[in-house]
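The structure appears below as structure tokens.
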Amino acid sequence: MFADRTAPGADVQSLWRNARSARCEAKTCQTVKIPTAEAAAQSHTARDAAVQTEPSKDAFQDFQQEVQVDYTRLLSFLQRVEDTVIKELNKNWKSHAFDGFEVNWTDQDETVLCLHTLSYPEAQDQNLQVTSVSWNATGSVIACSYGRLDDGDWSTEKSYVCTWNLDRRGLNSQHPDLVVDVPSSVMCLAFHPSQPSLIAGGLFSGELVVWDTSRTEDPVIWRTGMTDDTHTDPVYQVNWLPDTKHRNHARLLSVATDGKILVWREERDGWLALAEGFAIVAQQIPRSTRLKKVAWGEAAMGVTSLSFSHLDPGVFVVGVEGGYSLRCSAMAQTPAALPQPAGSVPLRAPAELAFSPHAGPVYSVSCSPFHRQSCFLLPPSPRNLFLSCGTDGQIHLHSMLQTQPLFALQLSKKYLFCVCWSPVRPLVFAAASGEGVHLFDLARSMQKPTVSLKQSMNDCPVYCLEFNTKHTRLLAAGDASGTVKVWQLSSDFTEQGPRETSHLEQLASELMD
């Protein structure tokens, strides 16, 4: 009666779907398909043209026609205005409104930054100090000499001269581009003013050596050797001088604590020969009633520094161990009264005037490089000014026209080793002390430095400074730890203000009064 059975499925047609299909269509977009076509340009036709407008034949013909000039009327006009134009040109030429103004194309920097810290580890391992720094003629290479300015066996200790090219890619601050081994301590050095590869150095032994940094095998090209003409004491400064007789040659000037100032010329076979010389003898220094009475015969006359006047190349200032700065003349003819004259060339006594002394040896002097065109009529010219510093921690600003300093600034209780006038700003100079680097702007203050820079964390003495005359924002400083730091100066120290040279002249006049 009952049995399992599978019934077929029921199929009911949807009326809803049929009704919807009648009203709409299945589509992939909301609107009717848009017809499109590809074309290379928006217009149906295209044509190349060199100009936006069609050339005019009339205009072309007008251009070819010669311009008509009424030369008679032009000449008459020029004759009428000639006197007025010349008068205005002369007025502009004599104006000092833009004295010292230079367009600055570099970015403005408000702070002094340390760009590079350079050192030679092998020299530092020997506890050698940086005794001198110098920039080459291009301003891109910095050289330093290693030696000792404190206690030590100077005569037998090996030292070095190192150079770095700051423009070189991959500069390694602890790996110099060139290292020259020197058998004696190098006390000073100076690059040639126009030949970037030549550098002269003065040694503790009293010798002078000239190296060619382009020769890596044997860079020594000239030297004095040890002769009767050679210094008998350490050489503390060396300068290149132009040779007036031979333009392609240069002469070298050296000063040492034996009291001699010697000028050397190039000889064949790599030797330097003595051309002329001077000697600072105590008894031949002019006395002044304004100076304190001293035992002139006992005063130490060892020369430590020298700077040439930029007003008169025949005048120079020297600093001596006795604490005096002396104005000297290269034209002097008086023979030096040496107890034992020796050498191939007779030495002369150049001292003309002794300035009020420091309370200790003078280590550095620097003549101002600035002047006005009318300086001969309006003394004292800024080019008659010079700075000096010494172991008493003072900086003296002097005029070459009087013995007393215009002002004396007690900068430090420690020694001052170097003072250097800025090459671009008449009112700016730098000083190196036992505490660091000090930058002065006399437009801001005459009583204290504008900026004081710490050369190192342990306040080691800074022995040498040199401004870069090509890249004027760079200042190099070498210290007792064997490190050279290259400082980038702020815009305040490198951009000369209007009539700044006149301000220095006015300042000097007020101080003299």
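The values are calculated or read from the model by the stated rules, or taken from the named source; none is laboratory data. Computed from a predicted structure; not experimentally measured. Positions of Cβ are generated from backbone atoms using ideal geometry, with glycine treated the same way; all protein chains shown enter the neighbour counts. Keep in mind that these areas ignore ligands, DNA and RNA; they rest on the heavy atoms of the full protein, side chains included. Shrake-Rupley method; radii C 1.70, N 1.55, O 1.52, S 1.80 Å.
Figures for the structure shown
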| item | result |
| --- | --- |
| Net charge of neighbours whose Cβ lies under 15 Å from the Cβ of M331, counting Lys and Arg as +1 and Asp and Glu as -1 | -1 |
| Using a Förster distance of 60 Å, the FRET efficiency for L115-L338 (Cβ separation, nearest 0.05) | 0.80 |
| Efficiency of FRET between R444 and E82 - r from beta-carbon atoms, R0 56 angstrom, step 0.05 | 0.75 |
| Inter-site label distance for D269 and S491 at 7 Å from Cα along Cβ, in nm | 5.9 |
| Highest to lowest packing among 250-261, 312-323, scored as the average C-beta count within 10 Å | 250-261, 312-323 |
| Distance (nanometres) between label positions extended 7 Å along Cα→Cβ at L511 and Q68 | 7.1 |
| Largest-first ordering by accessible area, 1.4 Å probe, given options R425, R148 | R148, R425 |
| Debye log10 I(q)/I(0) at q = 0.12, 0.14, 0.17 Å⁻¹ for region 114-208, Cα point scatterers | -0.36, -0.48, -0.71 |
| Solvent-accessible surface (1.4 angstrom probe) belonging to Y463, in square angstrom, nearest 10 | 30 |
| Amide H contacts under 5 Å for R251, placed H, 5+ residues apart | L241, D243 |
| Phi-based couplings in Hz for region 210-224 (Karplus 6.51, -1.76, 1.60; Gly and Pro marked x) | 10, 10, 10, 5, 7, 9, 7, 6, 9, x, 6, 10, 9, 7, 8 |
